[in-house]
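The structure appears below as structure tokens.
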Amino acid sequence: MSEPAQPPIPVTVIGGYLGAGKTTLVNHLLRNANGLRIAVLVNDFGALQIDADLIEAADGDTISLANGCICCSLAGGLVEAMLGILDRPQPPEWVVIETSGVSDPVAAAQYAHLPGFRLDGVIVVADAETVRRRSIDRHVGRHVLQQLRGADLLLLNKTDLITTDQRNDLRQWLADIAPDSRVVETVGARLPVAALLGGSHVAFDRQSHDEHFDAHRTWSFSDAHAIDGGRFRATVAALPASIVRGKGVLHLVEQPEVAHVFQLVGARWSIVRGSPWVPADRVTRLVLIGLPDHSDHSDHSDVEAVDRMLQELHVDRERSDPLDEELV
Amino acid sequence: MTHPITVFVARKIVTMNPSNPEGTHVAVRDGKVLGVGTLQEVAGWGEYTLDATFADKVLVPGMIEVHAHAMEGLTGLFSYQGYFDRMAPDGRRLPGLRSIDAVLADLRRIDATMADPTEPLLTVGFDPIYFPGERLHKGHLDSVSSTRPIFLLHASSHLGTVNSAMLARHDITRDCLTIGVAKGDDGEPTGELQEMSAMALAQSALVPFMKAATGEECLWGFGRMARQVGVTCVTDLASQVLLNPAALGRWQRIVNDPEFPSRVALYSLPAMPGASADFGSVAAAIKRMQAEEATEKLRFPGVKFVLDGSIQGWTAAMNWPGYYTGSDHGQLLTIPEQLVDWLRPFHDAGINVHMHCNGEATIDVAIDAVEAVLKDVAWLDHRHTVQHSQLTNQAHFRRMKALGMCANLFANHIWYWGDQHYELTVGPERANRMEPCATAKRVGVPFSLHSDANVTPLGPLHLMWCAVNRTTPSGRVLGEQEKITAYDALWAVTQDAAYQMHLDGELGSIECGKYADFAVLDASPLDVAPMAIKDIAVWGTVVGGVAYEAAVTR
């Protein structure tokens, strides 16, 4: 089969236990989409509490909003909903799937590999006040742990309801039970849209209306000279935990004739071989999004570290040689 | 105007009416029973026509299946590759395939009958649990054809196996990121696609099957299958009539057709277009259907929730110590406190709720939820039912009894997976008390028996045989202490089956005032040797006084 004509639509899966803040997060997304056409797939429209004046049209399984976003029902199943999205006259630019309270979001994420889509990341929202108690519940504890472990980005929500000591304990516990998940602390599930949908240049470039909601830092990097793939991967692996999103097109020494696409969501990242370069565009372009980190490191030291790491990608080019290593 | 009376004479009529257990004649008017007894006892209703069609047959109440799925009607429409023999709605015998070589030989035979060499070949029913040690993979199927895409949809509907031509057609390669695309040591797909997210990648095979599952031929097949096995009322226990209004029209047109040989009870999934989780409006929609759309043949008794997976799939939610082999405890599909909120609008509106619960943990959750809603609204006669209820223990049953709940036990499991449960899934002790009919009877919980067709074949005589004999294919008796009598088993598939749908005032026995629904058998299951119950020949059924003769088995 040949490459699809359209680039695949990124899919973000949002999971977490009942009451953790999933729907709040989806609401924030819809209100701060800033022109990005997002399709959210949910079990329950009612819980979204969309303002009536925002609704442009409603036809049973789909609600169209004035800002270009749509909400689709999952009642008929994920396959049907995903295929229905591709059939729309104007397909969305992003898909967000909100899973139900005991679902394994990683299982839902597998639908993001259907033709026409790509998995962007799995975001799990956890209620800082209750998550540890839920995790030992005799009926749902296993499911809660499974969700936490499956997160690329773990939103530790409602941290205003716990003490500093409790927060530190919780962070240590999460590091033990979900070592592969990157933790971000939030209040009211207010994660900057850029951190969620940061892969889109559209979302990067537009200003949010909600300053508080959008407290994040952006790094941009570009270089017309090829960069060293091995060094780049080492750099990414060493990024501080406060970097939650990344996206880029890479011009690599190893395969200079082909563009490579870089994606990072939480602790998970990938470099995938893309199409041959149009010669004039042969430039590495990279964007990283960082959030204030409430854990051990100060925001200040992270900023300097990332600045330095990116700088080193430039200077490294003089001495880099093509590597034999196969790319991820 | 006088309405004609027909008196059917039979060798014996087993009524399941405890106060009038047997007779030889049954008088029928307007599709309902006037009386059962001797000719003399029923002749007084007035001028009648004597129908001797069943003079050498035995009539029992039309049997009732409270857990089936309309997809059973597809049996025989797609090539069947299950382990056990099966019957199609037209009476065709579909032979079971007892080895992977037999499966491959069957595929070669089908391949040779298909003209277009690129048309996908899809079969159903294959179950790898019967072939331990040898996992079916693309290499097996490649030996059938390197050009025709092949898809074996397994019996569980959770797995499929495809060949290299199918992988190539849909660009399923080593680079595919879907977790359910199984990969071998060489990193290449093995051909096994796990769960719908992976199976949906091979759309060319699956889409025609999914379409057929909601088609008219499927619904007609569902009714004809009921006729073949003596069922006069069959449920579609995960109906999408609420979600899809066109489906409602289709059911009405077909079931209300006088040619359609069964009553149908539709238990909707609680899903509606759009506001799917607004269960208050779902409850209102069910009440509306009950009031405005129900007919003598088509009913909407309640709502169905699915709360966990299956035991043989290791996805039923288990309490300590979990499964016998394998470390997992399965998967709850609903949060316990959320289930209470979900049940409440239905319970409060007086709508009967049936909950799919296989594992012990799930049964706990279901009972807890019913207890919670009952504390607020004292509808004592709800008859909310634990469906499958396979690992229900005595403590569960005592709570269910106290709360007015029913159980529908998956008795066919004893035959189809009993050995696997003993050896693999739950181990000897718990396998011996699966489908605990005797415990349910002792505690006093009304229980029925079900096939979950198309998961296992529709057939209440087979269910009765399982509950009475508890025999597995290896010859093991699984739980001697949980055996019940043939009478109790027949009661379960007639009276108590009707009871758990609130239909026992109309169905479930042959007695004055109830519908004239009979299963027409060659012998009484109460008279034959217990091991012969499943082999009793079924002539067909009578539904509302109308005879529907089964297609001859061939």
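The values are calculated or read from the model by the stated rules, or taken from the named source; none is laboratory data. Treat the numbers as computed from the prediction; the structure is a model and nothing was measured. All Cβ positions, glycine included, derive from the backbone under ideal geometry; neighbour counts span all protein chains shown. We work out accessible area using only protein heavy atoms, side chains counted, and drop any ligands, DNA or RNA first. Shrake-Rupley method; radii C 1.70, N 1.55, O 1.52, S 1.80 Å.
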Query raised in the report: Mind listing which trypsin sites (Lys or Arg not before Pro) in the stretch B:205-270 are in a DSSP loop and have 11 or fewer other Cβ atoms within 10 Å?
Result: none
Query raised in the report: So how much accessible surface do B and A hide from each other in total, probe 1.4 Å, in square angstrom to the nearest 100?
Result: 2500 Å²
Query - Residue-wise HN-Hα coupling along the stretch B:448-457, computed from phi with Karplus coefficients 6.51, -1.76, 1.60 (Hz; x: Gly, Pro) - result: 10, 10, 9, 9, 6, 3, 8, 5, 10, x
Query raised in the report: When the solvent-accessible surface of protein heavy atoms is calculated with a 1.4 angstrom probe, in what order do B:242, B:380, A:161 fall, highest first?
Result: B:380, A:161, B:242
Report summary line: Note on chain B, DSSP bridge orientation, antiparallel percent to nearest 5 equals 45 percent
Report task. Considering the options B:132, B:322, B:515, tell which one lies farthest towards the positive end of the dipole of the protein assembly as shown, charges being +1 on Lys and Arg and -1 on Asp and Glu at the Cβ, about the Cα centre. Result -> B:515
Report summary line: Highest GNM mean-square fluctuation among A:268, A:138, A:231, for chain A with Cα springs under 10 Å, belongs to A:138
Requested in this report: State the answer as a single residue: which of B:50, A:10, B:422 lies farthest towards the positive end of the charge dipole of the protein assembly as shown, with beta carbon charges of +1 for Lys and Arg and -1 for Asp and Glu, about the Cα centre.
Outcome: B:50
Query - Spatially proximal lysines relative to residue B:401 (Cα-Cα < 21 Å; intrachain offsets below 8 disregarded) - result: B:304, B:375, B:441, B:483
**Report entry** Of the trypsin sites (Lys or Arg not before Pro) in the stretch B:1-97, those whose Cβ has at most 16 other Cβ within 10 Å and which sit in DSSP loop
**Finding:** B:92
Report summary line: Expected vector for the stretch A:98-112, Karplus 3J(HN,Hα) from phi with 6.51, -1.76, 1.60 and θ = phi - 60°, integer Hz, x for Gly and Pro, equals 9, 8, 7, x, 10, 5, 8, x, 5, 5, 5, 5, 5, 6, 6
Query raised in the report: Roughly how many percent of the accessible protein surface of chain B is carbon and sulfur, given a 1.4 Å probe and a whole-percent answer?
Result: 54 percent
Query raised in the report: Among rounded, prolate and oblate, which fits the stretch B:73-211 when a ≥ b ≥ c are the square roots of the eigenvalues of its C-alpha gyration tensor, a/c under 1.5 means rounded, and a/b larger than b/c means prolate?
Result: prolate
Query - Range in chain A, longest, excluding exposed GluC sites (Glu not before Pro) [loop by DSSP; at most 13 other beta-carbon atoms within 10 Å] - result: A:1-210
Query raised in the report: Rounded if a/c is under 1.5, else prolate if a/b beats b/c, else oblate: with a ≥ b ≥ c from the C-alpha gyration tensor eigenvalues square-rooted, which is the protein assembly as shown?
Result: prolate
Query raised in the report: Which of these, A:167, A:133, A:245, has the largest mean-square fluctuation under a Gaussian network model of chain A (Cα springs below 10 Å)?
Result: A:133
Query - Charge dipole (debye, nearest 20) of chain A; +1 at Cβ of Lys and Arg, -1 at Cβ of Asp and Glu - result: 460 debye
**Report entry** Furthest towards positive pole of dipole, B:404, A:70, B:83, structure part the protein assembly as shown, Cβ charges
**Finding:** B:404
Query raised in the report: To the nearest 20 debye, what charge dipole does the stretch B:73-211 have about its Cα centre, counting +1 at the Cβ of each Lys and Arg and -1 at the Cβ of each Asp and Glu?
Result: 380 debye
Report summary line: Toy charge model, Lys and Arg Cβ at +1, Asp and Glu Cβ at -1: the stretch A:217-318 dipole around Cα centroid in debye, rounded to 20, equals 420 debye
Report task. Note the angle between two axes, namely the Cα long axis of helix B:460-469 and the longest principal axis of the Cα atoms of chain B, as a number of degrees from 0 to 90, rounded to the nearest 10. Result -> 80 degrees
Query raised in the report: Rounded to the nearest 5, what is the percent of antiparallel bridges among the DSSP beta bridges in the stretch A:9-197?
Result: 15 percent
Report summary line: Under the Karplus relation with 6.51, -1.76 and 1.60 and θ = phi - 60°, whole-Hz ³J(HN,Hα) for the stretch A:51-68, x at Gly and Pro, equal 4, 4, 6, 7, 7, 8, 7, 9, 10, x, 7, 9, 10, 9, 9, 5, 7, x
**Report entry** Protein-only accessible surface order, largest first, of B:287, A:22 at 1.4 Å
**Finding:** B:287, A:22
Query raised in the report: Roughly what % antiparallel, to the nearest 5, for the DSSP beta bridges in the protein assembly as shown?
Result: 50 percent
